[in-house]
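Reading through the structure tokens given below for one structure.
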């Protein structure tokens with residue numbers, strides 16, 4: 001005797017096939033002709049042969065799966081069990097596709113089992129067959145299902161109904177919960193269910209320290225089970241005598257609420273915990289017409305679409321946040337007693353699921369992460385390109401195949417950088433310009449556009465920094481004018497000069513090298529931070545206007561970098577800084593991923609502190625202000641020696657590394 005399995009190469013199917021093969025009987029696997037290679041791979045993985053794992057090419061949508069009468073006759077009387085697993089488990093699938101696979105496919109499977117005289121028809125249904133039943137759904141319940149409007153729920157309910165009403169062979173029905181990866185290996189086959197929220201958790205981890213509390217949702221209880229439990233339970237229950245005609249909930253008897261599940265995975269990802277969780281039911285008092293009315297507004301629709309697309313979350317997912325159903329699984333528990341088969345706590349294997357997703361299924365793994373894929377053959381203008389961050393950025397862009405245009409005042413330094421890039425085989429073009437001179441910027445832009453036909457990337461890196469307390473700047477209004485002239489007016493003038501050509505081509509990216517000071521508002525940098533904050537604000541306003549024109553803006557709130565600009569401030573020789581190459585790496589990240597902002601966790605934390613506890617933050621900054629002295633230049637001393645930093649100053653600088661003090 002033998003087994004016949006539909007969906008054998010699917011996620012649950014391949015683990016079930018492994019269990020069945022261990023019983024020493026051959027397994028016939030229905031596969032599409034296009035999936036024969038997948039079955040070959042499964043044979044290799046399981047150490048099976050063509051005689052133990054037998055391919056049956058067919059089509060679920062056809063009568064007898066498209067098999068000839070002779071092929072059906074050959075199987076007649078040979079099959080102990082038919083396991084019907086083939087179905088669509090995808091909230092994004094169309095209603096028509098789900099009907100064909102889930103409903104028509106099940107009817108064809110039932111009739112096929114009758115045609116071959118199968119001993120037992122094992123139908124793998126789903127807890128979705130209960131719909132969104134409000135309360136506890138028992139294993140002996142079916143017609144009581146509620147809220148079956150979603151095509152996934154309705155087709156799973158209808159397919160189970162076909163087995164109950166039309167199957168003339170002995171049958172058993174199994175309703176697994178949300179099936180996730182293997183509890184021992186973490187292996188999964190696609191992003192679904194709770195995995196939709198992994199990208200959100202990952203983004204939180206990237207921008208916030210793990211100890212920072214965040215706000216999340218509470219929601220209903222989501223029933224999660226690992227695939228190895230489901231496969232083992234199916235195998236055991238199918239072979240246990242006296243269970244025909246019964247239905248079994250393959251579910252977790254102690255399910256977690258959605259908020260708890262997200263926190264379990266956040267802990268596994270070393271991401272911040274959602275300490276304050278808002279119960280989504282509290283919004284139930286809002287009339288549905290109001291919600292639908294707001295959601296139908298064009299700006300709201302677009303915002304929702306962009307956000308969900310960026311996070312990889314299907315819109316339908318949020319319909320199930322307040323999942324109302326609990327699943328009584330006493331029949332399954334009773335039948336599995338003594339087998340050692342039980343649902344492991346999610347906390348014991350969540351880390352394996354996260355690790356497997358991040359290593360194998362994270363959508364970012366499948367995009368072109370190479371800088372060359374973004375910039376090869378394109379024109380990139382880098383201001384301040386003859387030294388520091390600009391020079392390091394120019395080298396990276398040229399090595400990736402970009403046509404690099406570097407702008408600075410000193411022709412000799414420009415020529416030296418061009419020579420270095422050319423020696424490595426890169427293309428570099430130099431333009432000398434004083435970026436505080438608006439007329440000179442106009443002439444520069446016209447020349448670059450004439451020479452290169454357009455600009456794809458503009459890196460506004462050239463800048464001027466002044467470290468001086470406000471009280472020491474009473475008679476130095478020109479400090480504020482100078483920083484604003486280069487850091488803000490010069491950068492904006494260059495952006496405006498290149499924008500028309502970018503808009504005409506419907507592509508372009510402007511990257512502004514801003515400062516961590518814009519977020520932390522460190523003392524002594526009022527002139528510098530104000531100019532950078534102005535550029536940040538300009539970019540954020542312009543980005544909203546130009547998004548649909550194909551123009552992207554990225555502000556990089558750069559921490560302290562070891563460049564000639566900070567050399568006059570001797571205390572920076574003893575505090576942690578980035579190298580120009582590390583800083584250029586952030587520019588590369590901006591080009592590859594096109595984020596709105598790149599900032600360090602400390603910078604983001606500083607901005608949050610200013611928003612949440614502004615007075616306390618000012619007290620801390622004032623303490624830092626008094627801890628670090630003015631530079632010799634700020635004190636009016638030309639050759640004064642800087643005192644070495646105290647242990648207290650060094651410790652504070654280490655804790656707040658990256659911030660300009």
Within the stretch 65-87, restricting to residues that are without any contact (Cβ under 8 Å) to a residue 60 or more places away in the chain and assigned to a loop (DSSP other than H, G, I, E, B), the one that is nearest to residue 180 (Cα to Cα) is 67
Of the conditions (1) over 24 Å from residue 467 (Cβ atoms); (2) modelled with pLDDT of 90 or more; (3) part of a helix (DSSP H, G or I), residue 595 fails just one. Which one is it? (3)
Going by what's in this entry, would residue 46 be described as surrounded by 16 or more Cβ atoms within 10 Å (Cβ to Cβ) and either within 15 Å of residue 4 (Cβ to Cβ) or not assigned by TED's automatic domain parsing to the domain that holds residue 115 (or both)? no
Candidate set: the stretch 336-362, residues that are in a helix (DSSP H, G or I) and in contact with a strand residue (DSSP E or B) (Cβ under 7 Å, 6 or more places away or on another chain); chosen: the one nearest to residue 236 (Cα to Cα): 346
Yes/no for residue 67 being crowded, with 19+ Cβ neighbours inside 10 Å, touching a helix residue (DSSP H, G or I) at 6+ places or on another chain (Cβ under 6 Å) and assigned by TED's automatic domain parsing to the domain that holds residue 169: no
Taking the stretch 431-485 and keeping only residues that are in contact (Cβ under 8 Å) with a residue 40 or more places away in the chain and assigned to a strand (DSSP E or B), one is left with 457, 458, 459, 460
Filtering the stretch 360-390 down to residues that are over 32 Å from the mean Cα position of the chain (by Cα) and over 23 Å from residue 446 (Cα atoms), which residue is surrounded by the fewest Cβ atoms within 10 Å (Cβ to Cβ)? 387
Selected residue [buried (at least 19 other Cβ atoms within 10 Å of the Cβ), over 33 Å from the mean Cα position of the chain (by Cα) and within 23 Å of residue 252 (Cα to Cα)] from 130, 118, 113, 145: 145
Check the stretch 500-511 and report whether any residue there is within 30 Å of residue 622 (Cβ to Cβ) and either under 25 Å from the mean Cα position of the chain (by Cα) or in the same structural domain as residue 586 (by TED's automatic domain parsing) (or both). no
Requiring at least 1 residues that are over 25 Å from residue 239 (Cβ atoms) and in contact with a helix residue (DSSP H, G or I) (Cβ under 8 Å, 6 or more places away or on another chain), the strands (runs of 3 or more DSSP E) wholly within the stretch 1-63 are 53-57
In the stretch 201-244, how many residues are in contact with a helix residue (DSSP H, G or I) (Cβ under 7 Å, 6 or more places away or on another chain), at pLDDT below 90 and either assigned to a strand (DSSP E or B) or over 24 Å from residue 595 (Cα atoms) (or both)? 5
Sort out which residues of the stretch 524-548 are surrounded by fewer than 19 Cβ atoms within 10 Å (Cβ to Cβ), farther than 18 Å from residue 494 by Cβ and in contact (Cβ under 8 Å) with a residue 24 or more places away in the chain, and write them in order of number. 530
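The values are calculated or read from the model by the stated rules, or taken from the named source; none is laboratory data. All values derive from a computational prediction rather than experimental measurement. Here the Cβ is made from the backbone with ideal geometry for all residues, glycine too, and neighbour counts use every protein chain on show.
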